[in-house]
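Visitor: Got a structure for you, questions after.
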């Protein structure tokens, strides 16, 4: 059946109609425009990192490269800010959050998706409800509480709470609804696989695209988060990149240097791009999930 | 389906509880406690005047009365919804369109992987850095004004975007669109990857047009993820903060027209740490978003079950 | 069901205990600590403003194992590292750790974005287990911290009237509460009217600071010049906001009286004058920090600002700005005023009072250190004798100002500055009035609506206030 379909498809392709060609042109034009719109900002950040403070002051705008890239780099490296330490801290926190968040959210979603227990609907409704609570609402109470139990100025309050991420859980649950048939789990049970093992060796691999997507989202939002880390982290050795950028931006007027600020923004975007590109193959590569459904 | 499931897995159901332990434990410890404190304090007068703590003094529902009688909660709610819609409508349309293009086997876009990777990139830039760039671009002496004046000759003196109500709102919506449409597309695509390719092949064999495939196959099968996108975007929209906060320097100007509910909340809990009023506002927000999300979820998921 | 109930009860009990813990550990600063302070320094409540009173011997001790300093950037930090005798940095690349003698010093730098600095400082000051010895404050919110129980009166730090005799009075008023002095600054931020020499020559026929000053010596004359500028095709100022500080720092009543928001006549005057000038197209309405082209081309006649404005805002060094060709000059303008500044306070709960007092005294009062600050950093220092010396030095000139010596004008600006009407609410009131009124200037709302928006914003920020 599938083979016949493929053959038919092959025949269709040979007599490609003008309609498809037109649609392809339209799609490519729209996509190229969108890509320009998306990449433009990176270009401008790069351009700005090549200009010095005087050229950038007052929000002046540049379209072409300046000649201060090296100077900005040297200034940043010789400033009192330890950018590499900040990068390491950011990586630990963002990667830690992403790993814990995706693994445990999948686990929670799995519990709701494939087991029937008395409190199931209560728990599910509860998680849906708490998903709607703005983070700003509880932030100050959270910080106060962390102080009381002496966890402030550590990474714990920035990493561990990622285990309970209602939004990621909800995505995993929705994803399982559309792609994870219970028959596979039952088959695993018949083969004598324990529940925990089934989850780790069968369910998790099937969740790869969803995990990749949510890992990126969690990593990026943790990487770019300023609000909570600024309230939690105090000592220099713990500070993350957004806090260091804010430090640069609030430097006193004799040292204020937008060239350095842009250079630092460039540098701090770099690792996220690497992580994103590394994970993006799961998004664009097309893990053929449908196959297991058959 | 449900019947069969219940019959077979009954002995394993205790695992449901076991798998929930990490989430529930961490949630209770790190989030429920601050949350309960927030709700609890919404019934108290409790703020800082300078370095002096006022309260906590139990005042019943007075904070809620103040919330609804004084100030402009409705106006800020409306601002928030307007700016959310300005960003969300193009976002969901573009994402669905891109998703449909990417999943259309006949279209065979050669650079599809490249496009897919690039559209998410704006989300990698910090909101603050992004706003800095936007601000410079649209400032009175920025390149957009130069373009409008000197090249296109549409206007003869600079148009001050950030002092114009529709312009400011559109810019906020546009920034949100740019930052999030890639995200939405990725979510939808991940959902589309889960759709059995043989369904598309079968449809092609039957001679279905791309439009038919989209409406009859893609969209219905995508529904769980679509529901997720709508709900999270709604929640994210009602919690809109970063972009208007930075773009308007925390003021919500002009004339409070870009002031969102969370910016308003921030005003309460910022300087004076007014946990009383902040708590009351949070509870109201929580109820509104909770109800809206449940409605969306029930309406779209309840149909078939 | 029973299980559920039990879990609910458990979590309720847990939260109740936590809440109790929280309220217990948040000290009500003024009520609990204030009496203790008055025991230590019984005389302080009777002293004159600008005086530390006392004269009795104060014995200070270091008992803590490290000295902690909280600030929001490295401005003062660099000055301490380079100029404080006996200060050594632990490592060249790490400015935040050092020693004074054997005592370790740790700097906690929290950027002020989003109120993060004040949040962190508040938490540390109120948290008994956190160590804070010295902290810095800005003029706009200094009053929040210069209260009993938070900052230590200078009299308790062994500082005498003789030590502060040469300071400018306004710098002391900013950190004085109920007659008690709680801090000290090394700098002053006197400001003046910075005007464009080319435009002055063309329209007024002179760019000499004294002659220009005579033409703008009060607001009526200033507005006459604005009309002349308009006729000649120039704007008087790039934006209405630039003159705001001149009015707001010359008010005769405070922003808040008995928890009621009070609008000084001078603020109303700024609003009326600005609206008039915006309508007459003599000034623009955009933000204070966006006035970029005005520093490149001859568009606007003048701005108001202090010394730090030259480098920070006027684009000196960009190669093609007016500042680069020395095209500006400085005069006092219609009213003397100041803008900004940083103050040093010692925390009441310091456990290293001796060293903290030593740093505060040396870094803000020692003549040798202050002279070095002028020489090395170009700050205007808080010492009349030293400033007078530099003001009289004809060989000194500022490049941005075409070689003019600004010290005498900045000094003159400070002579009559009166900050007795500052309140802890100033920062928000000053910000919100400008935001609200910009909508009025641009015609987005009428004046009444603008006022409503202003009052609402302030009341939401400070629940204790009403209109």
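Coordinate-derived values only; no laboratory data. Please read all numbers here as calculations on a predicted model, not as lab measurements. Counting neighbours? That spans all protein chains shown, and the Cβs are built from the backbone with ideal geometry, glycine included.
Visitor: With each label point set 7 Å from Cα along the Cα-Cβ vector, what nm distance links residue B:59 and residue C:268?
Guide: 3.0 nm
Visitor: Which value does Rg/Rh take for segment B:87-177 over its C-alpha atoms, Rh per Kirkwood? Provide the component values of the computation, followed by the final result.
Guide: Working: Rg = 17.0 Å, Rh = 15.6 Å.
My calculation of the ratio gives 1.09.
Visitor: Quick one: helix A:2-14 against the long Cα principal axis of chain A, what's the angle to the nearest 10°, folded into 0 to 90?
Guide: Taking Cα atoms only, the helix is inclined about 60 degrees.
Visitor: Size of the protein assembly as shown along its principal axes in angstrom, Cα-based, largest extent first?
Guide: For the protein assembly as shown, the Cα spread along each principal axis is 98, 69, 57 Å.
Visitor: With runs of 4+ DSSP H residues as the only contributors, calculate the mean residue ellipticity of chain A at 222 nm using -39,500 (n - 2.57) per run, divided by the residue total and rounded to the nearest 500.
Guide: Numbers: 15 runs with 204 residues, N = 294.
Mean residue ellipticity at 222 nm (helix-derived): -22000 deg cm²/dmol.
Visitor: Would you kindly state how much longer the chain becomes between residue B:108 and residue B:151 on full extension, computed as 0.36 nm times their sequence separation minus their alpha carbon distance, in nm to one decimal?
Guide: On the way: separation 43, 0.36 × 43 = 15.48 nm, distance 3.84 nm.
Full extension from residue B:108 to residue B:151 adds 11.6 nm.
Visitor: Rule-of-thumb check for segment B:208-253: C-alpha Rg over 2.2 N^0.38 Å? Working shown, then result.
Guide: Numbers: Rg = 17.5 Å, N = 46, 2.2 N^0.38 = 9.4 Å.
It is 1.86.
Visitor: Using only the alpha carbons, work out the radius of gyration and Dmax of segment B:17-56 in angstrom.
Guide: 15.4, 48
Visitor: Something else now. Among C:94, C:133, C:124, rank each residue by its count of other Cβ atoms within 10 Å, from fewest to most, as a rough exposure measure.
Guide: Working: C:94 15, C:133 26, C:124 21.
With the fewest neighbours first, C:94, C:133, C:124 line up as C:94, C:124, C:133.
Visitor: While we're here: Once both axes come from the Cα atoms, what is the angle between helix A:135-148 and the longest principal axis of chain A, in degrees from 0 to 90, rounded to 10?
Guide: It is inclined by approximately 70 degrees.
Visitor: Okay, next question. If one takes the longest principal axis of the Cα atoms in chain A, at what angle in degrees, from 0 to 90 and to the nearest 10, does the Cα axis of helix A:258-284 lie?
Guide: On a 0 to 90 degree scale, this one is about 10.
Visitor: OK, next. If r is the Cβ-Cβ distance from residue C:90 to residue A:62 and R0 is 41 Å, what FRET efficiency results, to the nearest 0.05?
Guide: Working: r = 40 Å, r/R0 = 0.97.
Efficiency for this residue pair is about 0.55.
Visitor: Can I ask one more? Relative contact order, percent, of chain B when contacts are C-alpha pairs under 8 Å separated by at least 6 residues?
Guide: On the way: 307 pairs, mean separation 86.4, N = 305.
Once divided by the residue count of chain B, the mean separation gives 28 percent.
Visitor: Taking Rh as the Kirkwood radius computed over C-alpha pairs, what is the Stokes-Einstein D of chain A at 25 °C in a medium of viscosity 0.890 mPa s, expressed in µm² per second? Mind dumping the intermediate values first?
Guide: Working: Rh = 23.0 Å.
My calculation gives 107 µm²/s for D.
Visitor: Follow-up. List the equivalent ellipsoid semi-axes of segment A:85-155 in whole Å, largest first, each obtained as the square root of 5λ for an eigenvalue λ of the Cα gyration tensor.
Guide: 29, 19, 11
Visitor: Can you tell me how segment B:186-305 classifies by the Cα gyration tensor, rounded, prolate or oblate, using a/c under 1.5 as the rounded cut? Don't skip to the answer; put the middle values down first.
Guide: On the way: a/c = 4.11, a/b = 2.47, b/c = 1.66.
Prolate shape, in that a/c is at least 1.5 and a/b is the bigger ratio.
Visitor: Hey, with R₀ at 22 Å, roughly what FRET efficiency would residue C:280 and residue B:159 work out to, going by the Cβ-Cβ distance, to 0.05? Display every interim value, and only then the final one.
Guide: Details: r = 20 Å, r/R0 = 0.93.
Approximately 0.60, to the nearest 0.05.
Visitor: I would also like to ask the following. May I ask you to derive the FRET efficiency for residue A:40 and residue C:61 from their Cβ-Cβ distance with R0 = 45 Å, giving the value to the nearest 0.05? Show your work: numbers first, answer last.
Guide: Values: r = 61 Å, r/R0 = 1.36.
Taking R0 as 45 Å, the efficiency between residue A:40 and residue C:61 is 0.15.
Visitor: Give the separation of the Cα centroids, segment B:168-236 to segment A:183-222, in Å.
Guide: Cα centroid to Cα centroid, the span is 23 Å.
Visitor: OK, next. What are the semi-axes of the equivalent ellipsoid of segment A:19-117, taken as the square roots of 5 times the eigenvalues of the Cα gyration tensor, listed largest first and rounded to whole Å? Numbers along the way, then the final one.
Guide: Details: eigenvalues 311, 195, 18 Å².
After scaling each eigenvalue by five and taking roots: 39, 31, 9 Å.
Visitor: Run the numbers on segment A:48-101 and let me know its relative contact order in percent, using alpha-carbon pairs under 8 Å that are six or more apart.
Guide: On the way: 23 pairs, mean separation 16.9, N = 54.
So the answer I get is 31 percent.
Visitor: Let me ask something else. Given 0.36 nm per residue, what is the gain on full extension from residue B:198 to residue B:39 after removing their alpha carbon distance, in nm? Provide the component values of the computation, followed by the final result.
Guide: Values: separation 159, 0.36 × 159 = 57.24 nm, distance 5.10 nm.
Once the chain is fully extended between residue B:198 and residue B:39, it gains 52.1 nm.
Visitor: Using only the alpha-carbon atoms, what does segment A:17-76 span along each of its principal axes? Please give whole angstrom values in decreasing order.
Guide: 59, 23, 14
Visitor: Distance between Cα centroids, segment C:350-408 to segment C:324-339: provide it in whole Å.
Guide: 20 Å
Visitor: Using the Cα gyration tensor of segment C:361-420, with a ≥ b ≥ c the square roots of its eigenvalues, what is the shape: rounded (a/c below 1.5), prolate (a/b larger than b/c) or oblate (neither)?
Guide: Working: a/c = 2.03, a/b = 1.17, b/c = 1.73.
It is oblate, given that a/c is not under 1.5 and a/b is not larger than b/c.
Visitor: Turning to a different aspect of this structure: What shape does chain B take by its C-alpha gyration tensor, where a ≥ b ≥ c are the square roots of the eigenvalues and a/c under 1.5 counts as rounded, a/b above b/c as prolate, and the rest as oblate? Provide the component values of the computation, followed by the final result.
Guide: Values: a/c = 2.48, a/b = 1.14, b/c = 2.19.
Since a/c reaches 1.5 but b/c is at least a/b, the shape of chain B is classed as oblate.
Visitor: May I pose another question? Treat each spin label as a single point 7 Å out from the Cα along the C-beta direction, and report the residue A:88 to residue C:165 distance in nm.
Guide: With each label placed 7 Å out from Cα toward Cβ, I get 5.4 nm.
Visitor: Here's something else I'd like to know. With just the Cα atoms defining each centre, how far is segment A:153-179 from segment B:118-140? Give it in Å.
Guide: 27 Å
Visitor: From Cα pairs below 8 angstrom and at least 6 apart in sequence, can you work out the relative contact order of segment A:17-76, rounded to a whole percent? Present the calculation step by step, with values, prior to reporting the outcome.
Guide: On the way: 29 pairs, mean separation 17.4, N = 60.
Relative contact order here is 29 percent.
Visitor: For segment C:92-225, take every pair of Cα atoms, bin their distances at 10 Å starting from 0, and report each bin as a whole percent.
Guide: In order of increasing distance, the bins hold 9, 26, 24, 18, 15, 7, 0 percent.
Visitor: Pick from B:107, B:265, B:221: which residue has the top mean-square fluctuation in a GNM of chain B where Cα pairs under 10 Å get a spring?
Guide: Largest GNM mean-square fluctuation: B:107.
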